[in-house]
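What follows is a single structure, written as structure tokens, with notes after it.
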Amino acid sequence: MIYHCRVASLVALLIVALSVAGCSSARPSVVPAVAARTPDNMQPTSNTPNDQYVIGAGDSLSVFVYRNPDLSEPGVSVRPDGRISVPLIEDITASGKTPSQLAREIEGRLKKYVQDPNVTVIVRSFVGPSDRQIKVIGEATEPAAIPYRDHMTLLDVMIATKGLTKYAAGNRAEIIRRDPDGKQTTINVKLDNLIKDGDISQNMEMQPGDTLIIPQSWF
């Protein structure tokens, strides 16, 4: 019951935000993404890599080497090739690794120069690898590739992309999902019912790599 109330509140918030945006001549520059809440008794089913953040190209990292400020790097971006460069290490692959995995690998490389290096990697801003993004295409107000968050829902995605355009056929939207074996599944979702009518039965949980397609309405 608490979960339903919270989600219903999020739906109401989205409806009000979209209504205000439609009436204003100045388009809002930022709309905060609201994280969906899950029931308190819902826990992750397994300790898989999906439970940990995986670094991707475009992420911004800080690499801190304890007691060695000259070897630390407060701001380094992951290049399109998935690599970074830090002092004494010209190239190291960051993409596809968790921050802890990258820290341990940097420690291994630094052992040639530093005795018992202690490295911490912090993700300052994130995009994530492509296969862990939620892609939204079609008649969203701001189509985008969104970094996946744990327990992200369809409503979270619509808030992040600022809702539907006036040309959207929201009730004909589809989620394209691939399982680990590469099998593709198409899931029909009714975005108009979710956003306009508050039908929380449509607020399904997303998965990393999902693509939400919002078609244009027929005239």
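The values are calculated or read from the model by the stated rules, or taken from the named source; none is laboratory data. Values in this document were obtained by computation on a predicted structure and should not be read as measured data. All Cβ positions, even for glycine, are placed from backbone atoms using ideal geometry, and neighbour counts span all protein chains on display.
Worth pointing out:
- Under the condition of being touching a strand residue (DSSP E or B) at 6+ places or on another chain (Cβ under 9 Å) and at positive phi, the residues counted in the range 70-114 number 1.
- Qualifying position, being modelled with pLDDT under 95 and in contact with a strand residue (DSSP E or B) (Cβ under 8 Å, 6 or more places away or on another chain), among 180, 147: 147
- Applying the set (1) among the hydrophobic types (A, V, I, L, M, F, W, C); (2) in contact (Cβ under 8 Å) with a residue 40 or more places away in the chain; (3) over 22 Å from residue 128 (Cα atoms) to residue 157 leaves exactly one unmet item: (3).
- Within the range 186-203, the residues that satisfy the criterion of being touching a residue at least 12 places away in the same chain (Cβ under 8 Å) and part of a helix (DSSP H, G or I) are 191, 192, 193, 194, 195, 196, 200, 202.
- Looking only at the range 122-136, residues that are buried (at least 20 other Cβ atoms within 10 Å of the Cβ) and assigned to a loop (DSSP other than H, G, I, E, B) come to 2 in all.
- Beta carbons closer than 8 Å, at least 6 apart along the sequence or on distinct chains, pair a first residue in the range 128-147 that is over 21 Å from residue 179 (Cβ atoms) with a second that is in a strand (DSSP E or B) and of a type in the set (Gly, Ala, Ser) for 138/168; 138/173; 139/168; 140/168.
- Members of the range 137-173 found to be crowded, with 16+ Cβ neighbours inside 10 Å, of a type outside the set (Gly, Ala, Ser) and in a strand (DSSP E or B), listed by number: 146, 147, 153, 164
- Flag if residue 66 is under 15 Å from residue 123 (Cβ atoms) and not hydrophobic (A, V, I, L, M, F, W, C): no
- So residue 134, is it under 12 Å from the mean Cα position of the chain (by Cα) and modelled with pLDDT of 95 or more: yes
- Yes/no for residue 85 being within 30 Å of residue 211 (Cβ to Cβ), of a type in the set (Gly, Ala, Ser) and not assigned by TED's automatic domain parsing to the domain that holds residue 146: no
- Residue list for the range 150-165, restricted to those being at pLDDT 95 or above and either of a type in the set (Asp, Glu) or over 19 Å from residue 56 (Cβ atoms) (or both): 153, 154, 155, 156, 158, 159, 161, 162, 163, 164, 165
- Residue selected from the range 78-95 under the condition within 23 Å of the chain's Cα centre (by Cα) and crowded, with 16+ Cβ neighbours inside 10 Å, by the criterion farthest from residue 129 (Cα to Cα): 84
- All conditions in (1) of a type outside the set (D, E, K, R); (2) over 16 Å from the mean Cα position of the chain (by Cα); (3) surrounded by fewer than 18 Cβ atoms within 10 Å (Cβ to Cβ); (4) at pLDDT 95 or above hold for residue 48, with the sole exception of (4).
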